[in-house]
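The values are calculated or read from the model by the stated rules, or taken from the named source; none is laboratory data. Predicted, not measured: the structure shown is a model, and the values here were computed from it. Here the Cβ positions follow ideal geometry from the backbone for every residue, glycine too, while neighbour counts run over all protein chains shown.
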Amino acid sequence: MRIVAMICWSLIMFTFIINSNLLTLLEEGNINLNITEQPQFAFFEIYQLRADVVIRKVGHLFMFAMWLLFIYIGVKRLKVAVWITLSLALVTEILQPYFTRDGRLLDVLFNSAGVLLMAFLIHVYLVAIGNVKGER
């Protein structure tokens, strides 16, 4: 069951990652898949953190935090789960321009912040229950 949960959350995440229009997905449930052979890379461009952008970035943080949690539940090793999820944080931003989305280094940082926050919370929980299995 834990592997199924990990796979289901990963499918949800990839749906968000490859979808060209997030609002249409959330409001109408329509998946817009636009693939381009000539992506416009803006990996190192900086954007302004307006209120609506901050809300989306908090969403990035939350979604990747949950992705780590589900991967951890699936693999049962925190370090492995962290490395997998941090890798996904980078790879997803590199892939997004191929689906007419922006892939940005700042988004990798927000994604990674969510991963590291959840890793910290999981570690604190494991220490609290005395269930740390030599993963230091």
Could you give me the residue pairs with C-beta distances under 7 Å whose first residue belongs to the range 67-80 and is more than 12 Å from His123 (Cβ to Cβ) and touching a residue at least 24 places away in the same chain (Cβ under 8 Å), whose second residue is among the aliphatic types (A, V, I, L, M) and surrounded by fewer than 16 Cβ atoms within 10 Å (Cβ to Cβ) wherever it lies, and which are 6+ apart or on separate chains?
Phe70/Ala5; Ile73/Ala5; Gly74/Ile3
Sort out which residues of the range 77-99 are more than 14 Å from the chain's Cα centre (by Cα), crowded, with 17+ Cβ neighbours inside 10 Å and at pLDDT below 95, and write them in order of number.
Pro97, Phe99
Report, by residue number, each residue of the range 8-19 that is surrounded by 13 or more Cβ atoms within 10 Å (Cβ to Cβ) and of a type outside the set (A, V, I, L, M, F, W, C).
Ser10, Asn19
I'd like the full set of residues that are touching a Phe, Trp or Tyr at 6+ places or on another chain (Cβ under 9 Å) and either loosely packed, with under 13 Cβ neighbours inside 10 Å or at pLDDT 80 or above (or both), limited to the range 20-55.
Leu33, Asn34, Ile35, Thr36, Glu37, Pro39, Val53
